[in-house]
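Data first, discussion second: the structure below is written as structure tokens.
The values are calculated or read from the model by the stated rules, or taken from the named source; none is laboratory data. Since the model is a prediction, treat every value here as computed from it, not as a measurement. Backbone-built Cβ (ideal geometry, glycine too); neighbour counts: all protein chains shown.
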């Protein structure tokens with residue numbers, strides 16, 4: 001089995017990190033390839049960024065449909081997921097869709113950790129799209145008080161706030177750039193912490209076998 005992760009942005013470092021984490025999860029059970037989107041923004045932060053990535057994502061999908069058994073959209077906003085499902089006859093899973101839906105199965109409420117305040121409304125709208133807003137405890141981004149902390153420390157502190165103040169029972173990492181952070185947070189928090197890339201691969205691999 002071969003799964004293609006379409007990274008909607010063009011940042012080489014993020015693509016590399018997604019690839020490494022995906023291979024670590026697959027552990028040889030299936031082949032996984034991450035491809036960055038050509039002529040796309042370095043990062044997907046706004047609706048405008050998503051629109052600029054559309055043509056390149058469609059190009060990647062059409063060029064690779066015959067080469068892969070399933071596809072993953074590697075951005076937690078799930079940009080153009082509906083378009084990808086429309087044009088591809090193979091299973092297509094968004095990392096936002098996968099992690100949000102799995103989170104709803106693991107606890108009464110879940111919280112999403114995102115990178116910046118401006119992305120909070122986008123995540124909230126995505127949860128509404130999947131009809132799970134009633135079980136969303138919160139969407140949180142690290143505050144400025146954590147600026148001097150390490151990446152792990154600031155997201156750990158933010159997750160603790162979500163658990164204590166918002167009563168979240170599950171934590172969702174709301175950015176592909178946070179991939180791999182789930183393991184260390186899970187050890188410290190003792191609650192499920194979901195990496196969207198892992199969740200999407202888990203579902204995509206299963207759907208490809210149906």
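Below are the figures for this structure:
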quantity: Yes/no for residue 180 being at pLDDT below 90 and buried (at least 16 other Cβ atoms within 10 Å of the Cβ); calculated: yes
quantity: Criterion (assigned to a helix (DSSP H, G or I) and more than 29 Å from residue 140 (Cβ to Cβ)) met by exactly one of 102, 3, 58, 18; calculated: 58
quantity: Test: residue in segment 141-157 that is in a loop (DSSP other than H, G, I, E, B), in the same structural domain as residue 120 (by TED's automatic domain parsing), crowded, with 17+ Cβ neighbours inside 10 Å and touching a residue at least 12 places away in the same chain (Cβ under 8 Å); calculated: yes
quantity: Test: residue 126 is within 26 Å of residue 25 (Cα to Cα) and part of a strand (DSSP E or B); calculated: no
quantity: Where a residue in segment 115-129 is touching a residue at least 24 places away in the same chain (Cβ under 8 Å) and its partner, wherever it lies, is part of a loop (DSSP other than H, G, I, E, B), with Cβ under 6 Å and at least six apart; calculated: 115/175; 116/141; 117/141; 122/77; 123/114; 123/174
quantity: Every residue from segment 129-140 that is closer than 24 Å to residue 74 by Cα and either in contact with a helix residue (DSSP H, G or I) (Cβ under 6 Å, 6 or more places away or on another chain) or part of a helix (DSSP H, G or I) (or both); calculated: 129, 130, 132, 133, 135, 136, 138, 139, 140
quantity: Matching residues in segment 69-84 - criterion: being surrounded by 17 or more Cβ atoms within 10 Å (Cβ to Cβ) and farther than 16 Å from residue 15 by Cβ; calculated: 69, 70, 77, 78, 80, 81, 84
quantity: Top-ranked residue of segment 105-123 - restricted to ones that are modelled with pLDDT of 95 or more and in a loop (DSSP other than H, G, I, E, B), ranked as nearest to residue 163 (Cα to Cα); calculated: 109
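Yes/no per residue for (1) out of contact with any helix residue (DSSP H, G or I) (no Cβ under 8 Å at 6 or more places or on another chain); (2) within 23 Å of residue 100 (Cβ to Cβ); (3) not assigned by TED's automatic domain parsing to the domain that holds residue 122:
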site: 16; (1), (2), (3): yes, no, yes
site: 29; (1), (2), (3): no, no, yes
site: 40; (1), (2), (3): no, no, yes
site: 45; (1), (2), (3): no, yes, yes
